[in-house]
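The next block holds one structure in the form of structure tokens; read it before the comments.
What follows is calculated from the coordinates using simple rules that are stated; it is not laboratory data. Quantities reported herein were computed from a predicted structural model and do not represent experimental measurements. Here Cβ is always computed from backbone atoms with ideal geometry, including for glycine, and neighbour counts include all displayed protein chains.
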Amino acid sequence: MSDQASYPDERAGLAQRLAQRVRSKVASGVTHLTTGSGPTLDYSSPPGDPGLFGPESICWKIHADFTSMMTGGISALLLQALHPLALAGVWDHSSFRTDILGRLRRTATFIAGTTYGNRRDALGLIERVKQIHLGVTGIAPDGRPYRASDPALLTWVHVAEVSSFLTAHLHYVNPALPMAEQDQYFAETAHIAEMLGAANIPRSRAEIDAYLLAMRPELETGTRTREVVRILMDARPPSASLRPAGALMLNAGVDLLPPWAQEMLGFDTLAGVRRAIVRPGVKLVAPVIRWALTNGVSKRARRRVAAARR
């Protein structure tokens with residue numbers, strides 16, 4: 001009887017070890033996609049430091065979900081590529097041809113660090129990016145000069161990002177997010193854009209929509225745009241096990257684009273088919289990723305803030 005009674009415990013132990021192995025593998029893959037050669041950030045200290053926003057902010061809520069942020073980040077890169085001056089800076093000064101995932105990692109680090117990092121680390125990231133921007137200058141193919149520190153260009157990059165992140169959140173996390181909280185999200189994140197040097201930043205849902213409509217005459221698709229899109233859509237995750245999820249994320253990023261942007265980029269012909277596949281697919285994958293990320297940056301930041309209240 002004692003031997004038979006031990007079988008359930010053994011099976012439970014085996015299942016627990018297997019689950020931990022799967023969790024570790026998924027978490028490792030996600031970490032590889034979101035960390036690179038940039039600064040090492042300490043999300044766990046100092047105790048009580050709320051960073052630039054704090055746990056009661058809307059951006060802490062929206063930026064906490066890895067899946068929606070990754071799909072939103074892909075969508076933002078595609079949207080940004082429609083601006084000829086933003087694209088010129090990437091084309092001339094970025095390693096996107098050989099390290100497109102590195103660009104995603106750097107964006108992820110900046111968003112995570114300015115949202116959840118302690119105040120010193122967040123301000124350090126902003127200053128670091130400002131210094132990098134000073135060296136990103138040149139002449140676009142149409143003869144116009146560009147500089148990454150241009151306030152108007154910074155606003156475009158910012159709006160492409162935050163509008164994409166919120167769209168992803170509404171699709172995959174909380175479709176019922178109240179309009180007041182959507183407005184608050186844009187108002188909060190505008191502070192980061194302002195510290196980077198952006199100007200005339202939209203700070204509400206209505207202002208974001210009006211801005212994107214006003215920008216459409218300035219956007220275009222050319223040979224460079226198509227090359228960036230090709231490189232991004234052909235990007236391969238670091239391991240074969242992540243390739244199905246990677247392809248799903250890339251296509252989900254396309255699906256998040258406004259219909260007019262999908263048309264400009266040539267994605268509109270299969271939009272219905274893509275939507276029918278990726279939306280259910282992402283909703284199946286997302287819980288697995290959430291389960292695996294037991295010690296994500298948002299959780300570490302919450303523990304950091306709560307430590308001073310004990």
Percent of Cα-Cα pairs more than 22 Å apart in the range 58-136, please.
30 percent
For the range 153-310, just say rounded, prolate or oblate: build the C-alpha gyration tensor, square-root its eigenvalues into a ≥ b ≥ c, call rounded for a/c under 1.5, and beyond that prolate if a/b exceeds b/c, oblate if not.
oblate
How much net charge surrounds Ser163 when only other residues with a Cβ under 12 Å from its Cβ are counted (Lys, Arg +1; Asp, Glu -1)?
-2
Of all GluC sites (Glu not before Pro) in the range 165-222, which ones are in loop regions per DSSP and have a Cβ with at most 14 other Cβ atoms within 10 Å?
Glu220
So how long is each side of the range 39-296 along the principal axes, counting just the alpha-carbon atoms, biggest first, in Å?
51, 41, 38
Long-range HN-HN contacts of Gly138 with modeled amide H, under 5 Å:
Tyr146
Inter-label distance, nm, simple model (7 Å from Cα along the C-beta direction), Ile139/Ala271
3.8 nm
Which far-off residues, 5 or more places away or on another chain, put their amide H under 5 Å from the one on Asn174, with H placed in the peptide plane?
none
